[in-house]
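First up is the structure itself, then whatever we jot down about it.
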Amino acid sequence: MKRLLSAAAALALLSSAAVAQTTVTTTSTVGDTVEIAPEQRTVIKKYVTEQQAKPVRLKERVTVGSTVPADVDFQPLPSTIVADNPRLKGYSYFSSDGGTYIVDPGSRRVITTID
C-alpha cells in the first residue's frame, strides 16, 4: 500500500511538472507542500549569494526528502522572503558545493533545492 501511494505521488509530481513549469511544488512529508515560483527562487539565490556564507562540505549526496547531518548549521530565511511566500515560515537554508537547500530545521529534512 505504501509503495502504491509513493508511486502515485511520484507520478502526480512528474505529470504536474510537465504541465506547469512556472511553479515548482515540493513535498517533504505527507501533506507538507511548498510552492516556490521561479521569481522567488531567484530572490532566494540572490540573497544567499549576497550573504557569502561558506558552503558546507558534505560527504553524502543531498536530495529532496533526505535528512541533513546534525553538524550542518542552518540559516533562517529572511522575513522579506517569508513575506512573499508565507508557506516558507519556519524553514531555514544552507549552501553546499552542490547548491542551496531549503530545510525544515525541526526534522532536518530537505524540502527543496534552489539552483
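The values are calculated or read from the model by the stated rules, or taken from the named source; none is laboratory data. As the structure is a computational prediction, the values presented were derived from the model and not from experiment. When we count neighbours, we look across all protein chains shown, and the Cβ atoms used for this are built from the backbone with ideal geometry, even at glycine.
State yes or no: is Thr27 touching a Pro at 6+ places or on another chain (Cβ under 8 Å) and either of a type in the set (Val, Ile, Thr) or modelled with pLDDT under 90 (or both)? Let's see the steps before the verdict.
On the way: touching a Pro at 6+ places or on another chain (Cβ under 8 Å): no; either of a type in the set (Val, Ile, Thr) or modelled with pLDDT under 90 (or both): yes.
No.
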Pick from the range 47-63, criterion surrounded by 15 or more Cβ atoms within 10 Å (Cβ to Cβ) and under 14 Å from the mean Cα position of the chain (by Cα), ranking: farthest from Tyr101 (Cα to Cα): Val48
Within the range 88-105, is there a residue that is surrounded by 13 or more Cβ atoms within 10 Å (Cβ to Cβ) and assigned to a helix (DSSP H, G or I)? yes
If the requirement is being modelled with pLDDT under 90 and out of contact with any Leu (no Cβ under 8 Å at 6 or more places or on another chain), which of these qualifies: Lys46, Lys59? Lys59
